[in-house]
Amino acid sequence: MNELFNLAPLILVFPIIGVLFNGLVGRRFVDHDRKTGERWSGWFATIMALSAFVVVVLLNLALHANHFHAETVMLWDWIVIPGQGLSIPWAMQIDTLSVAMMLVVTGVGSIIHIYSIGYMHGDPDYSRYFAYLNLFLFFMLILVAGNNYLVLFVGWEGVGLCSYLLIGFWHERLAKDGTMKNANAARKAMIANRVGDAAMILGIILTFWVFGSVEFNHVFEEAIHIFESHEEMVTLVSTNIEMAFSTALFAITVLFLIAATGKSAQLVLHVWLPDAMAGPTPASSLIHAATMVTSGIYLIVRSNVLYELSRALSVHSGTISSSDIVALVGASTALYAGLIAFTQYDIKKVLAYSTVSQLGFMIAAAGMGAYVAAMFHLITHAFFKALLFMGAGSVIHGMEHGHHEVAHGHHGHDDDGFDPQDMRYMGGLRKLMPVTFWTYLVGALALAGIFPFAGFWSKDEILAHANANQGEYGLFLVLFILLALAAVCTAFYMGRQLRMVFWGQPRHEAARHAHESSPIMTFPLVLLAVFGTVAGLFNLPKVLTLEFGWSLTLEHWLEHSIQTFELMEEGILAHVPHTPTSLIVEVAALSLGLALVSMGLAFYVYRDKPKTAADPDPTQKIPGLWSVFGRLPIDSFYMKLLVPWFNRFSAWLGFKFEWSFWHDFFHERVIRDTFVWFADLSANVLDAQGVDGIVNGLGSVTRWLADGIRVSQTGYARTYALSVFLGTVVLLIYFLWPYVMR
Amino acid sequence: MEFTPPEINLLIVAPVLIIMAAGSLGMVIDLFMPDGKKGWAVWLAAIGLLLALAQNIALWNGNYETFIPQNGVAMVVMDNFAIFLNATFLLTGLLVIPLSRSYLQRTGLEKPEYYMLLLFSISGMMLMGMANDLILVFLALEVLSIPLYIMCGMLWPRPESEESAMKYFLLGAFSSAIFVFGIALVYGATTTTAIPLIFDAVAANGLNAMIVTGLAFLMVGAGFKVAAVPFHMWTPDVYEGAPTPVTAFMSVGAKIAGFAALLRVLMLALPQASGEWVTAVAVLSTLTLIIGNVVAIRQGNIKRMLAYSSIAHAGYILIAVAAAADNPSAGVSSALFYMFAYLFTNLGAFGMVIALERNYGEGNLLDDFKGLAKRHPWLSLAMAYFMLSLTGIPPTGGFSAKFYVFGAAIEAELYWLVLIGVITSVISGYYYLRVVYLMYMFDGEGQLITGRALQFAVFVMAISTLVLGLFPEGLFNLTAEATLSATRLLAGG
C-alpha cells in the first residue's frame, strides 16, 4: 500500500480544524476587528478546504501509483458486538469513485469558499457561516469516503444537518406576509429529508439482515455469491425468517432509491430544494447544486452491483426491476422540474428547478446502467451549476447595490415590493456586469447542452446510452423521449433567463444602477467558467471511431471501482446496458439541434417581453403550463391535502385521544382513581393496622430484648467473668462432643 | 543440653525495634526534661511511627524470616500479611496522636508516658502480626495489653477510669490465662508451639481431643480481645470509663491485633480443624452481630454506643473468618480489608466524640450531638459520613468492606450468616443514623473543641473512607497479596 494513503484521515482533520477555529474563536476575531477578523475567519476556512483538496490530489496520485486499486484505510473499530457477527469499522475506502467525488467536493468547495469571502462580507454571523461550510465539507467527505453504509449514513445525516443550518442561516428573516420564510424552508428540507432518511435506515438494516454486513465490498461479494449460486431464498441474519432473494434485493434497492429521492430532490420528495434557496447563495451553490444533492446519485452508483443484479433477476422473471424504477423516477423528475422552471421568476428558483431536473438526468442515467455517464454529468454539472449559482449571486449582489444607490438618491422610493432576485426587475445587465455575464453565458450554454461546453458531452452520453439500448430494453425509448424533452425544456428556460436578465432594457431603477461585483467574487466565476468549458474532456467519446489520447478518461478511471464492469467481463452478468464509446452523430446532432432551436425560440419569444415588471409572461398563453406546473402540483398536494389532514389527525390525537381519552378518562378515572382507592386501602387499612402493627411490634420486641440484655450488664466484674466462663464451657462442649460420643 | 542461639536478623524486625526504641528513649528523656515541657513527646512518637512505617513498607514482598531456632522454623515472619497488619497498627497510632493532643491537654493528662505506652502497645500489636510461634503470640498479647491496662486508668483518681482499668486488667488476665492454657494443651498434643509445625503435626496425626480443647481455649482468648459475644461484657464498661482517645485506640488496635492472633491460629496452625471451628465462629458471629447491634440501640451514651458498635463490627469480621474456612483467600483478604476500612471510619467517629467531650465524662451523651450541624457544618458532615460508613451505605469504605465480606461468605455458601449480617446492618442504621438525625434536625448547645491537628486527622479519615468507597480495588488487591503470602504454605501444603 502506498504510504500516501495514510494521509486519508487528513481530509477529515482539516475541515474539522476549520470548524473548531470558526466555531470557537472566529466570532471574537470578527467582532474585535471587522476587517482583519473577516480576513482571518474566511481565509482560515478556505485554507482548510484547500488543504483537504491538496490531500485529495495526493490520494489521487497514490491511486495512480497503486494502479487504481482501491485501498481501505482502517481508522478504528466502531460498532462491534462480539458473538453476533456485527463488526462495523470506521474505515475509509479510497477508490477511484470516492476520490472522484472528493475532488469535486473539495475542488468546487474551495472555489466556493473563496467566493464566500466576498459574498458574506459584512454579515454579522460571518464566522458562523464559515464554520458551517467547513462542517459541511467534513460530513460530505465522511459520506463519500466511508467504506460501509453506516459511515455513509453518518455523513448523510451530517450534510443534512449542515443543509438545514445553512438554509436557515438567516432564520430571523421574514417573508413579506410575515411568515418565517427561511426558518420554514429549513424545516421543510429537514422534514422531506427525514422521509428519505427513514428509508435509508430501513435499507441499511435490511442489507445487514440479508448479507450480514454493511461494508460495501462484503455486501457486494455476498450478493454476487448468492446470485451465482442461484439460491432463491435467503435467511435473514440472526433470525429464522426466510425471504426471496429477488424480493430482498428489490426492497433494499427501492429503499435506497427513496433515500436518494430525499437527498437528491427527486419526485416526490423534491419540494424542499427550491425553498432551500432561502440560504446564502454560495451555500446553495455548494450544497444544493454541486455536491450534497448528488449524494443520492453517489449512493446508487456505489450500489451499482445491487441494482444490476436486480435488473438481471427481473430480466429473468419479466417483472419491473428497481433499476427501471430508478430510471423512470429520474426521467420524470427531469421533465417535470424542467417544465416548472418555465414558470419561475426568481433567478435562483429557476436554477433550483434546473438542478432538480439535472439530478433527474443523473438518476435516470444510473437507473439505465450508465454509471459512468451519471458520474460524468454529476461532475460537469457540479462545475457549471456552481458557476450559475454564483453568477446569480453576483447578479443579486449587483441588484442589491443598485437598489441601495437608488434608495439613497430618491427618498421614499422603497415601497414598490422590489425583490433583487426577481428576473422581472432585471434586464440589460450584460453591459453593467460584463464578467458575470460572460461567465454566466458559459454556464448557461453548458447547462443547455450546447457544443462544445461540458454539459453537451455529459448529457449527450446519457441520451446516447438511452438510445443505444432501446432495442433490448423497451422502456429506454420512453426514457429517451422524456429526457430529450427535458433537454429541450432546459435550453428554453435558460434562454428565457439569459434574455430576461442580461438583454433588453432594465425594467427597474435598481437594474440601471447595478454594477460588477468585486474580484474576489468574479475570480471564482472565471475559474469555474474554464472548467465549465473544458470539463467535457474528462470523458470525451471516441469521435468517428478515432481514438484520441484524451477520450473516455473517466470511464477508464471509474471502471476500477464500478464492479458491474468486472461482472460483465467475467460473464456473471450477461444483460447490462452498454454505453456507446464513440460519439453517435445522430443523437448528438439531434440533441444539439433541439437545444439550439429551443434556446433560439426562447430568445425570440422573450425578445421584447415582458416590457415592464408588471407584464405577463408570454408563455402563459400555452394552455396548461402555468395553470398546472406554475401552481407546483406536488407542493399544492402536500399543502392542501396532506398537511391539513395531518394537522387534523394530530389535533385529534392531541386533544381527543391524548387529552380527553388518555389523560382525562384513562389516567384520571381509571388509573388515578383506582390507585387512590388502593392507596387508601393500603394506607389506612393494610398499613396502619397491619404492617405498622408488625413493624411497631418488631421495634418493641427489639427494644424489649435490648432492655433485657442490658440488665445483664451489671457492672460487676464477676458477672463478666462468669459470662466468659460459660462461653468457654459451651465452646468446650461443642468441640469435645464428637470425642465424648465416640 | 547444648544451647544454640537462634539466627537473628534485626533489620527484619526493625519496625518493632524502632517503636520500642522510641518508647524507651522517651522514658529516658522524660527524666531530664523540666515538668513544663511536654510537646516533644508527641513529635518523638510521631517520628518513631513514621520511621517504622517507612521501614515496614520497604520490606513489602520480601517474605523475610528471622529468629530461626534449631528446628529451622522461624519465630518471626515478615510476610505481606504481617506488613499489612503492621501498617494498619502504625496508621492507627499516627491517627490517634492528633486526636489525643487537645483532649489530653484539657483533661490534664498530657504526660509523655501516655505516648510511650501507646508506642509499647503498638509494638505488641505488631509482634502479634509477625508471630509464627504461639509463644510469641502470647508474648505479643501481653505486650499490647499491659500498656492498655495502664492507659485505661490514667485518669486516676477518677473512679470511672480506675474501675475501667481494674475490670480490663482482671478480665484480661483471666482470658490470658485461658489462652496460655490453650497453648499448653496444643503443645502437649503436638510437642511444638511453632505454627507451621503444629500444622504438620495435625496433618500427620490428625486431630484429637487435646488439640480441639486447646483450640477452644485459644478462641476464647482471642475472642476476648476482639470482644466477641459472650466474651464481650467488659467492653462497654471499659470503653466508657477509659479516656476517650484510649477507647478509640483500643477499639481499633486491640481488636485488629486480636483478629491477627485468631487468623494465625485458625488459618495457619489449625486449618485442618476448619470443619470444627467454622460452626463455632459462625455462631459466635451471629451472637455478636445480634447482641452488639440490638443493645447499641438502647444506649444513651455515645461511648457505650460505639462500644456495642465495635462489638457488632467484630461480628462482621467473624463472618469473614468463617468464610475463610471454605475460601481462605477471599475470607482472609476481606477480613483485612474490613479492618483497614474500619480503622478510618471508627477513629473518625471517635475523633468527633473526643472533640465533643468538654471535660472528662461531660458531653458524652447522644443528646449532646443535637444541633451540631448548624455550628460545625463540615465536621458534622464528616460525622454523618462516618455514620453512613459504619452502617454500610455506599459510597463509603464501610460499604466496600461489607460488600467484600458478604461476597466471601456467599462464595463460602454461608447464606444464613449473610442474611443475619444484612438484617443487623439494617438495625444498625437505626442507632447510627440517629446521630445524624440529632445533629441535623434539632437545636442544641453542643460545642466542638477542635484543634487543627484533630480537624486534619478527621479530614484525612473522611477522605480515606471516601476513597475506599469509590476505588476499593487498589486496597483489595493489596489485601489479596497479603493473604497470598500468608497462606502460601496452605496452598503449597
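Odds and ends about this structure:
- Entry remark, segment B:98-116: residues being in a loop (DSSP other than H, G, I, E, B) and under 14 Å from B:Trp43 (Cα atoms) number 2 in total.
- Scanning segment B:399-422 for residues that are over 22 Å from the mean Cα position of the chain (by Cα) and closer than 17 Å to B:Leu388 by Cβ turns up just one, B:Val422.
- Candidates are the residues of segment B:170-198 that are small (Gly, Ala, Ser) and more than 13 Å from chain A (Cβ to nearest Cβ); the one that is farthest from the chain's Cα centre (by Cα) is B:Gly188.
- Pairs where the first residue, in segment A:1-22, is modelled with pLDDT under 90 and the second is assigned to a loop (DSSP other than H, G, I, E, B), C-beta under 8 Å, 6+ apart: A:Met1/A:Asn66; A:Asn2/A:Asn66; A:Phe5/A:Asn66
- Evaluation of B:Met352 against (1) at pLDDT 90 or above; (2) under 21 Å from B:Gly474 (Cα atoms) (one fails), failing number: (2)
- Scan of segment A:5-60 for residues that are under 20 Å from A:Ser116 (Cβ atoms) and outside any helix (DSSP H, G or I), ordered by number: A:Asp33
- Flag if A:Leu681 is surrounded by 11 or more Cβ atoms within 10 Å (Cβ to Cβ), of a type outside the set (Lys, Arg) and within 10 Å of another protein chain (Cβ to nearest Cβ): no
- Look at (1) out of contact with any Leu (no Cβ under 6 Å at 6 or more places or on another chain); (2) at pLDDT below 90; (3) farther than 22 Å from A:Leu143 by Cβ and you find that A:Ser285 fails only one, number (3).
- Of the residues making up segment A:713-742, not one is more than 30 Å from B:Val212 (Cα to Cα), among the hydroxyl-bearing types (Ser, Thr, Tyr) and within 8 Å of chain B (Cβ to nearest Cβ).
- A:Thr579 fulfils the conditions (1) surrounded by fewer than 18 Cβ atoms within 10 Å (Cβ to Cβ); (2) at negative phi except for a single criterion, (1).
Residues are listed down the side, and each one gets a yes or a no for (1) closer than 24 Å to B:Asn293 by Cβ; (2) surrounded by fewer than 21 Cβ atoms within 10 Å (Cβ to Cβ); (3) touching a strand residue (DSSP E or B) at 6+ places or on another chain (Cβ under 7 Å):
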{"site": "B:Pro394", "(1), (2), (3)": "yes, yes, no"}
{"site": "B:Val422", "(1), (2), (3)": "yes, yes, no"}
{"site": "B:Ser428", "(1), (2), (3)": "yes, no, no"}
{"site": "B:Glu473", "(1), (2), (3)": "no, yes, no"}
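- Per-region count, segment A:487-544, residues assigned to a helix (DSSP H, G or I) and basic (Lys, Arg): 3
- Of residues in segment B:61-83 being assigned to a loop (DSSP other than H, G, I, E, B) and of a type in the set (A, V, I, L, M), the one surrounded by the fewest Cβ atoms within 10 Å (Cβ to Cβ): B:Val73
- From the options A:Glu555, A:Glu566, residue that is touching a Ser or Thr at 6+ places or on another chain (Cβ under 8 Å), assigned by TED's automatic domain parsing to the domain that holds A:Leu378 and modelled with pLDDT of 80 or more: A:Glu555
- Residue in segment A:534-546 that is assigned by TED's automatic domain parsing to the domain that holds A:Met375, touching a strand residue (DSSP E or B) at 6+ places or on another chain (Cβ under 9 Å) and closer than 18 Å to A:Ala446 by Cβ present: yes
- Segment A:25-72 - residue that is surrounded by fewer than 18 Cβ atoms within 10 Å (Cβ to Cβ) and among the aliphatic types (A, V, I, L, M) and, of those, farthest from A:Val144 (Cα to Cα): A:Val25
- Leading residue by the ranking (farthest from A:Leu558 (Cα to Cα)) among those in segment A:61-104 that are part of a strand (DSSP E or B) and among the charged types (D, E, K, R): A:Asp77
- Extreme residue, surrounded by the fewest Cβ atoms within 10 Å (Cβ to Cβ), among residues of segment B:1-23 that are in contact (Cβ under 8 Å) with a residue 60 or more places away in the chain and within 29 Å of B:Gln105 (Cβ to Cβ): B:Met20
- Within segment B:199-215, restricting attention to residues that are aliphatic (A, V, I, L, M) and without any contact (Cβ under 8 Å) to a residue 40 or more places away in the chain, the residue that is nearest to the other protein chains (Cβ to nearest Cβ) is B:Ala209.
- Count of segment B:216-269 residues, restricted to those that are under 25 Å from B:Leu136 (Cβ atoms), of a type in the set (Gly, Ala, Ser), more than 8 Å from chain A (Cβ to nearest Cβ) and more than 16 Å from the chain's Cα centre (by Cα), is 1.
- Contact map, segment A:688-712: first residue within 8 Å of another protein chain (Cβ to nearest Cβ), second residue outside any helix (DSSP H, G or I) and modelled with pLDDT of 75 or more, Cβ cut-off under 7 Å, separation 6 or more or different chains; pairs are A:Arg703/B:Arg298; A:Ala706/B:Arg298; A:Asp707/B:Arg298; A:Arg710/B:Arg298.
- Residue within segment A:87-108 that is closer than 25 Å to A:Trp209 by Cα and free of Cβ contacts under 8 Å to residues at least 12 places away in the same chain present: yes
- All of B:Val294, B:Val278 fail the test of being farther than 19 Å from B:Ala248 by Cβ, surrounded by fewer than 24 Cβ atoms within 10 Å (Cβ to Cβ) and not basic (Lys, Arg), apart from B:Val278.
The values are calculated or read from the model by the stated rules, or taken from the named source; none is laboratory data. Since the structure is predicted, the reported quantities are computational estimates derived from the model, not experimental observations. Neighbour counts are summed over all protein chains in view; Cβ atoms, including those assigned to glycine, are modelled from backbone coordinates with ideal geometry.
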